[in-house]
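Written below as structure tokens is the structure these notes are about.
The values are calculated or read from the model by the stated rules, or taken from the named source; none is laboratory data. Please read these numbers as outputs of a predicted model, since none were measured by experiment. Cβ placement follows ideal geometry from the backbone for every residue including glycine, while neighbour counts extend to all protein chains displayed. Ligands, DNA and RNA are stripped out before the accessible areas are found, and what is left, the full protein with its side chains, is counted by its heavy atoms. Shrake-Rupley method; radii C 1.70, N 1.55, O 1.52, S 1.80 Å.
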Amino acid sequence: MAKGHGHANGPQDGPQDDPLAKVLQPPPDESPEQRARREQQQREATRVSLQIDEGIQEARKAYERRKKAVKILLLGQAESGKSTTLKNFQLAFSPSHFRNERLAWRTIIQLNLIRQVLLEVLEEEWANPTEAPPQPQLSEKARGKLPMRSSVPNAAPTNGAKPAGNPTRSIRFSAQAQPSASLTDVHRRTRTRLLPLLAIEVDLTMKLFPELASAPPVMKEVCVRAGNGWKDVLMKLQKEQKDKLKGKGNAAGTTDELTTVLDGCREDIVGLWEDQAVKAVLRRHGVRMQDMPGFFLNDSARVATIAYDPTDDDIVRARLRTLGVEEHRFTMESGMSWASGSEWYIYDVGGSRSMRPHWIPYFDDVQAIIFLAPLAFNLMLEEDSKVNRLEDSITLWREICGNVLLQGATLILFFNKMDILQATLAAGIRVAKYVPSYSDQPNDVLHVVKYFRDKFRGYHKRLSPKARPFYCHETSVIDTRATAVILVGVREGILRSHLQSVNVI
């Protein structure tokens, strides 16, 4: 038996007994051409095999890098400031990546400005005129009691002098500042001159975002589906335009046309926004343009020029609505030595109710969640006018705190848009009217923030599957400098916690 076993596996077995070797042997009557072709095929097969091996190795390395990377999820309802927070992260910690996209954001800012040119409000006013409130008239007796050198309220200059501090514009629709000022034919002619902007805007939107071709021609916001590569598309269009301009200077492309027409409409846009009659119409319609995301009307004299180059603050303020979940990867360029070079993945998600089911796959293996909750106690959801925005944020926060998939994640709460909260309270709007449990507490920022911080902290402590620290920051993420200070602390905390979890520190 031993001898037979040795015979079956012994060294005397040659290649002629190996079935694979027999298959790989060249045919005995192989011609030189056939041999050359066979060897070429073998070399190609070897090359493909090595390429596959390299791909597997790269995928394994990428997987290992991703395991060590920091992953952050930005959560919150629509218009809470998630995308703006992302841009602040990039500006603060990966500035070269941020500034490489400057040209792409220029067009988005131009589109933001066009969407705010007030044409829709003017159309509504002409279709359904609102009645201006009567202006109080001072009696002769009252006039006599006015202090010396004091002017009659809301009186316009009668000597042709220009009001102090108001620069001369070539277009001025209404000299008076009364809320009773009404729209005139001058406004209609201005609207007609501005209409080409809307046509160019629709055309450019369709070129940038073709998936929205079936949407209504006039959309409230500039939208993009996650992962559609809109920045690459836009940069390609701009490169094609530059190539055209290097030639004979023939017909300009759409991007250049937008800039050129905006430049030609600049005085109309500035004059319309500063016009007293238009401001009165906005007040009567309850519209506060300056509180809307992507507001650039105050900067229209600067933005609507041929030479416009967006500042960092402009890019952070630009509004682009994300439809879906978008992954952003960047390498930390600044910070402490042990943090520099680390890889970060930040997931920016659509916050509307219809998009929230798409969040769940991103809950796995996330180190931190930055939850944005503007204290908009007097506003309602865009998608459901019966639901209070702050109430919706609290409901969403409770769900996030109690989710077992996120029990290992650090939750960081941003009370965002503090500037709007301050303006709301300064206008005399009382929290108790919308939040009865606030009762008769002082209606100031300090007490309002403390009340809601305690409420959010209570849910965090009570609903979290296991104990974890509570972090809360008051932010206005369009203020890049103040936000950068906050994000430095957030980054260091997240990174230290992550490195401890992977036993690096």
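What residue, of A318, A280, is under 30 Å from R353 (Cα atoms) and modelled with pLDDT of 85 or more?
Being under 30 Å from R353 (Cα atoms) and modelled with pLDDT of 85 or more holds for just one of A318, A280, which is A318.
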In the stretch 418-432, what residues are of a type in the set (D, E, K, R) and outside any helix (DSSP H, G or I)? R430
Give me a count of the residues in the stretch 160-191 that are open to solvent by 80 Å² or more (accessible area, probe 1.4 Å) and modelled with pLDDT of 75 or more. 3
Residue satisfying all of: in the stretch 75-95; touching a Ser or Thr at 6+ places or on another chain (Cβ under 9 Å) and either of a type in the set (V, I, T) or farther than 19 Å from G294 by Cα (or both); surrounded by the fewest Cβ atoms within 10 Å (Cβ to Cβ) among these: P95
Looking at the stretch 393-417, which of its residues are assigned to a helix (DSSP H, G or I) and polar (S, T, N, Q)? S393, T395
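Keeping to the stretch 285-329, report how many residues are hydrophobic (A, V, I, L, M, F, W, C), in a helix (DSSP H, G or I) and surrounded by fewer than 17 Cβ atoms within 10 Å (Cβ to Cβ).
2
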Within the stretch 25-42, take every residue that is open to solvent by 90 Å² or more (accessible area, probe 1.4 Å) and more than 60 Å from the chain's Cα centre (by Cα) and give me the one that is modelled with the lowest pLDDT. Q25
Among (1) more than 19 Å from the chain's Cα centre (by Cα); (2) under 27 Å from M418 (Cα atoms), there is one condition D314 misses while meeting the rest; what is its number? (1)
Does E333 satisfy the criteria of being outside any helix (DSSP H, G or I) and open to solvent by 40 Å² or more (accessible area, probe 1.4 Å)? yes
For S497, the lone unmet condition from (1) more than 23 Å from K68 (Cα to Cα); (2) among the hydroxyl-bearing types (S, T, Y); (3) modelled with pLDDT under 90 is (1)
Scan (1) crowded, with 21+ Cβ neighbours inside 10 Å; (2) not in a helix (DSSP H, G or I) for the single condition K386 breaks and write down its number. (1)
Pairs under 8 Å by beta carbon, first residue closer than 14 Å to K231 by Cα and open to solvent by 10 Å² or more (accessible area, probe 1.4 Å) in the stretch 96-113, partner of a type in the set (D, E, K, R) and outside any helix (DSSP H, G or I), six or more apart or different chains? H97/E333; R102/D309; R106/D309
